[in-house]
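Everything below concerns the one structure shown next.
The values are calculated or read from the model by the stated rules, or taken from the named source; none is laboratory data. Owing to the predicted nature of the structure, the values given are computational and were not obtained by experimental measurement. Note that each Cβ is placed from the backbone with ideal geometry, even for glycine, and that neighbours are counted across all protein chains shown. All accessible areas refer to the heavy atoms of the entire protein, side chains included, with ligands and DNA or RNA removed. Shrake-Rupley method; radii C 1.70, N 1.55, O 1.52, S 1.80 Å.
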Amino acid sequence: MMMRGSCPAAPATTHPPVCPAGAAGGSLGLVRPRVVLFGDSITEQSFRSGGWGAAVADTYSRKADVVVRGYGGYNTRWALFLMHHIFPLDGIAPPLATTIFFGANDAALSGRTNERQHVPVSEYKENLKNIVNHLKECSNSMVIVLITPPPIDEEGRERFARSLYGEDARKLPERTNEMAGVYAGQCIELAREMHIPCVNIWSKMQETEGWQTLYLSDGLHLTPEGNAVVHKEVVKTLRNAGLKAEDMPYDFPHHSKIDGSCPDMAFK
């Protein structure tokens, strides 16, 4: 069932040349801002080859440091214990932007093999709200992006379980796409209520025929093609929020701005 709702919008070995006083110069580098990717295993794995986090880092190369804070197996209930460690209210500059990508584990079915990870959908929404509120307390200008859980290919999950456990694999699915959609809906609803952007990856992936094997490697985690979808949607959302890489300053001068005979002036 497709969801119709849409998301809110090395040091030098010789001394460098000394330039004469008054030569045309530049400015020292800026402190490079951070973009934090906060989530579960889909975020933790995002810097693997073909991963969406690595692609975001490439998009904002020399413009922002993309920092991965992904915790495989975590749900929103457990994520709350990390907030003051990852996002302290004082001591360091807050991130320029943060993505919040939880729900795949919260939506594990109660009474099945992954029940330990299950979080009721009402609590899931409240936990997301608490995470967002903490980030807003860190900074009232931070761009906060919610990402829905991805769709679930139940047959793919069964094949994966059998590849690991053979005939001992569980007989009933531990996740369903229908339930993932319920959690995705609550994520979207919260984004609207809190006036922050959301990436509806649950619906976006299902727009493509054959999404089950094209985008998902084991019925849940992402293939390189699935990672590419997340990267595209996340960057589009960040751009819509004003974070266009081409408009952001380099942290230090571009090489074309460095005078070969008088390099130090570019760094004054």
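Out of the residues in the range 224-247 that are part of a loop (DSSP other than H, G, I, E, B) and either touching a Phe, Trp or Tyr at 6+ places or on another chain (Cβ under 6 Å) or open to solvent by 30 Å² or more (accessible area, probe 1.4 Å) (or both), state the one that is farthest from ALA97 (Cα to Cα).
At the first step, the residues of the range 224-247 found to be part of a loop (DSSP other than H, G, I, E, B) are 241-244.
Those left that are additionally either touching a Phe, Trp or Tyr at 6+ places or on another chain (Cβ under 6 Å) or open to solvent by 30 Å² or more (accessible area, probe 1.4 Å) (or both): 241-242, 244.
Details: ALA241: 10, GLY242: 11, LYS244: 12 Å.
The selected residue is LYS244.
How many residues are in contact with a Gly (Cβ under 8 Å, 6 or more places away or on another chain) and not in a loop (DSSP other than H, G, I, E, B) if we restrict to the range 248-263? Steps first, answer last, please.
Residues of the range 248-263 that are in contact with a Gly (Cβ under 8 Å, 6 or more places away or on another chain), as a first pass: 250-253, 257.
Imposing the further condition that a residue be not in a loop (DSSP other than H, G, I, E, B) reduces the set to 257.
Of the residues in the range 248-263, 1 are in contact with a Gly (Cβ under 8 Å, 6 or more places away or on another chain) and not in a loop (DSSP other than H, G, I, E, B).
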Given SER61, SER46, which one is assigned to a loop (DSSP other than H, G, I, E, B) and either of a type outside the set (A, V, I, L, M, F, W, C) or modelled with pLDDT of 95 or more (or both)? SER61
Selected residue (criterion: farthest from PHE87 (Cα to Cα)) from residues of the range 134-153 that are among the polar types (S, T, N, Q) and open to solvent by less than 70 Å² (accessible area, probe 1.4 Å): THR148
Can you work out which of the residues in the range 39-59 that are surrounded by fewer than 22 Cβ atoms within 10 Å (Cβ to Cβ) and not polar (S, T, N, Q) is nearest to ASN127 (Cα to Cα)? GLU44
Looking only at residues in the range 90-125 that are hydroxyl-bearing (Ser, Thr, Tyr) and not in a helix (DSSP H, G or I), which one is surrounded by the most Cβ atoms within 10 Å (Cβ to Cβ)? THR99
